Number of protein chains: 2
Amino acid sequence: MKHQLNKIIERQKPSGIRALNQEAAQVDGAISLTIGEPVLETAQRIKDAANQALADHQTKYPPYQGLLVLREKIIEFEKELQNIDYHVDEVIITQGASGALYSALGAVLNPGDEVIIFEPAYVAYYPIVKSFGGKPVLIDTTPMHFQLSYAEIKARITPKTKAIVINSPNNPTGVIYNEASLNALKQIMDEHSLYVISDDVYNQLVFDAGATFLVQDQRYKKQVIYCQSFSKPYAMTGWRVGYMMADQAIIQQAIKFQQYMAAGVAPFIQYGAMQALKEDVKPVVVHYKKHYEAAAKILKEHKIDFVEPQGAFYLFVNISKSKMKSWEFARNLLHTNKVAVVPGAAFSDASDDYVRLSFCVDYEKVVEGTTLFAKYLTSLES
Amino acid sequence: MKHQLNKIIERQKPSGIRALNQEAAQVDGAISLTIGEPVLETAQRIKDAANQALADHQTKYPPYQGLLVLREKIIEFEKELQNIDYHVDEVIITQGASGALYSALGAVLNPGDEVIIFEPAYVAYYPIVKSFGGKPVLIDTTPMHFQLSYAEIKARITPKTKAIVINSPNNPTGVIYNEASLNALKQIMDEHSLYVISDDVYNQLVFDAGATFLVQDQRYKKQVIYCQSFSKPYAMTGWRVGYMMADQAIIQQAIKFQQYMAAGVAPFIQYGAMQALKEDVKPVVVHYKKHYEAAAKILKEHKIDFVEPQGAFYLFVNISKSKMKSWEFARNLLHTNKVAVVPGAAFSDASDDYVRLSFCVDYEKVVEGTTLFAKYLTSLES
């Protein structure tokens with residue numbers, strides 16, 4: 001029999017991030033600056049909490065919505081962090097931000113609905129929208145220095161526009177939306193019945209004080225779906241735990257997805273997450289800032305242009321002087337100087353003049369990898 | 001703003017199983033025979049394996065498909081258990097059978113596709129099919145003593161039929177499909193290009209030797225999608241880990257869903273699952289059989305009809321002599337004799353003369369709960 005499969009899913013390509021990472025694994029001695037995974041290890045206290053929960057028989061079906069005690073702690077945590085007020089019924093525990101984004105889009109999308117995505121963008125937004133029969137509407141932010149423009153958004157709004165996905169600090173650029181960007185979004189929300197799905201997974205990894213985020217303006221609480229993860233600030237990428245905060249009607253929809261796709265997150269993992277909320281993230285930010293400054297110094301010494309990140313742990317670097325497409329450049333770099341980076345084209349067609357370097361690996365690797373990258377790019381100048 | 005949500009999801013009702021369980025939690029001293037969750041605790045060796053993996057830094061992003069070392073062990077295990085041959089590329093690790101069923105249906109369904117479901121049925125099949133825009137086509141198996149009929153299936157096949165969902169041993173009846181049922185399915189697969197999604201989560205909890213399962217006939221390997229869980233045999237319901245075995249083209253689709261909805265299962269949980277495969281399930285079967293025999297004895301003494309289960313840990317009991325609908329009966333039973341059971345109507349409209357009793361709780365509770373249930377039902381006879 002010839003397979004007859006879900007056609008939308010069949011057409012989706014695998015993530016370009018993992019593709020290069022897998023290629024790098026075949027190259028002996030290669031330094032990988034591809035994946036956004038902290039080399040830091042999950043704190044022992046977090047592991048101990050999970051292990052204690054295992055000993056305490058926290059091995060039974062969790063509520064689909066997540067443990068009440070964790071939801072309570074999250075509400076206290078977000079109040080302290082961002083001065084926002086949510087109720088335990090307005091939170092659901094998810095499989096990291098992935099589970100949150102998937103349930104958020106699933107909660108609101110009907111087939112044919114349009115979702116505005118700002119490019120360059122994290123690779124999962126587009127295929128998730130497609131998987132629900134939605135239509136991604138792309139806006140290239142490169143000409144806006146990766147900020148948002150009211151006019152650009154307004155021009156794309158149709159009666160079918162159901163949601164806008166935002167990501168600040170941004171992957172791959174590290175840019176944080178400024179006041180003008182946030183105001184553009186608010187004006188759009190004032191004028192249109194639509195949701196803003198806010199992927200805020202890097203919001204604790206911010207280099208300087210003073211950044212604000214859309215979720216903090218609670219006048220828009222009914223329209224904003226806040227997606228969060230324990231992965232990046234607490235080095236818990238493999239734990240697959242995060243949460244979504246939104247109006248209760250949306251949470252009720254997300255609970256159904258949670259039931260269908262997974263039946264919840266392991267309770268002992270949720271106890272680990274509860275401990276994570278008590279951890280101090282400041283030393284982690286200092287750690288990444290040191291990595292960033294070292295990498296930036298090397299790039300500047302080689303007169304290489306890059307987007308100055310205000311948070312997260314990526315450098316989005318301009319390679320136009322290589323005169324190569326980003327995939328070609330990345331492959332050649334890997335096989336010549338043994339450094340793996342992510343081609344900009346993985347994040348948008350318009351980003352083919354860029355590659356992304358992650359600086360969340362060991363300090364020595366950041367320095368060595370960035371130096372080899374810079375030397376290679378410089379060697380291509382004619 | 002008025003919410004405009006995913007309409008299909010909005011219309012889905014919460015599971016009737018959990019509804020009664022939550023009501024029971026409000027009744028002081030109530031015995032709950034509702035949820036299919038073993039009261040047994042996960043073996044210490046399994047917990048130790050997960051904890052050791054945490055210590056060994058198994059806290060990073062897993063491959064979406066699951067750890068190769070676990071997939072290798074699963075293949076060996078299934079070869080030993082069922083004498084079937086699968087390749088590591090034909091397995092994906094999932095969030096229990098929920099994740100497997102969701103990815104299986106997502107992998108094959110296009111909007112408008114029909115999926116045959118045999119009723120009474122586990123409560124998740126219907127809403128998952130709906131969530132993908134599919135159309136559930138229901139066949140009541142009650143008149144067939146909960147077995148399958150070629151003629152009944154054949155009569156429902158249309159050009160839109162994409163898949164058939166089966167479940168043996170069955171929840172809620174405990175019935176194992178006999179040779180005639182399996183032959184009916186095979187004949188249908190010979191005649192039509194469709195998939196059979198086989199939910200086999202109770203296949204190790206079988207009371208007598210000699211049962212066979214569809215997946216064991218490897219002539220149909222390309223059409224059968226086998227969904228399995230660690231939850232029931234190893235008392236790991238809260239761990240949310242299981243797997244799917246199928247043709248590689250289907251696994252490739254499932255990997256994409258895994259990426260979108262969760263980005264994989266925690267590696268340290270996968271190490272726990274690896275240890276589980278070494279556990280001896282025989283004492284567990286002896287344990288449940290003892291529970292079953294005690295409950296059946298009580299029902300027989302009260303001359304109460306029930307479906308004789310060959311596996312799993314449920315009794316599907318006829319309450320027609322109560323002259324009540326199953327929800328009314330279950331609520332009255334809870335508030336009169338303080339026993340919670342699941343109304344048959346949760347599993348199909350045609351099962352309103354039944355309720356489901358789980359016998360996976362403590363032996364004393366099985367005996368006491370079944371006795372109180374039997375006394376109540378008997379008291380209603382006029």
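The values are calculated or read from the model by the stated rules, or taken from the named source; none is laboratory data. All values derive from a computational prediction rather than experimental measurement. Please note: Cβ atoms are built from the backbone with ideal geometry, for glycine as well, and neighbour counts cover all protein chains shown. Surface areas here come from the heavy atoms of the whole protein model, side chains and all, with no ligands, DNA or RNA. Shrake-Rupley method; radii C 1.70, N 1.55, O 1.52, S 1.80 Å.
The residues of segment B:346-368 that are at pLDDT 95 or above, in a helix (DSSP H, G or I), over 15 Å from B:G36 (Cα atoms) and touching a Ser or Thr at 6+ places or on another chain (Cβ under 9 Å) amount to a single one, B:S351. Screening B:P309 against (1) within 12 Å of another protein chain (Cβ to nearest Cβ); (2) under 29 Å from B:A163 (Cβ atoms) leaves a single unmet condition, (1). Taken over segment A:226-264, the criterion of being part of a loop (DSSP other than H, G, I, E, B), buried (at least 24 other Cβ atoms within 10 Å of the Cβ) and more than 9 Å from chain B (Cβ to nearest Cβ) is satisfied by A:F230, A:K232, A:Y234, A:A246. In segment A:278-309, which residue that is outside any helix (DSSP H, G or I) and open to solvent by 90 Å² or more (accessible area, probe 1.4 Å) is farthest from A:Y234 (Cα to Cα)? Top of the filtered list is A:K303. Here segment A:26-47 is the region considered, the condition is being among the hydrophobic types (A, V, I, L, M, F, W, C) and within 12 Å of another protein chain (Cβ to nearest Cβ), and the residue that is least open to solvent (accessible area, probe 1.4 Å) is A:I46. Among the residues making up segment B:310-363, those that are open to solvent by 10 Å² or more (accessible area, probe 1.4 Å), under 26 Å from B:P143 (Cβ atoms) and of a type in the set (D, E, K, R) are B:K321, B:K323, B:K325, B:E328, B:D349, B:D352, B:D353.
Exactly one residue out of A:A151, A:A155, A:A121 is in contact (Cβ under 8 Å) with a residue 60 or more places away in the chain and of a type in the set (A, V, I, L, M), and it is A:A121.
Of all the residues in segment B:193-220, those that are buried (at least 17 other Cβ atoms within 10 Å of the Cβ) and assigned to a loop (DSSP other than H, G, I, E, B) number 9. Select from segment A:12-25 the residues that are within 10 Å of chain B (Cβ to nearest Cβ) and free of Cβ contacts under 8 Å to residues at least 60 places away in the same chain and list them in ascending order. A:K13, A:P14, A:R18, A:Q22, listed by residue number. When segment B:153-167 is limited to residues that are surrounded by 17 or more Cβ atoms within 10 Å (Cβ to Cβ) and over 13 Å from the mean Cα position of the chain (by Cα), the one that is nearest to the other protein chains (Cβ to nearest Cβ) turns out to be B:K162. Take the conditions of a type outside the set (K, R) and closer than 25 Å to A:S351 by Cβ and apply them to A:N21. Does it pass? Taking the combined requirement at face value, the residue satisfies it.
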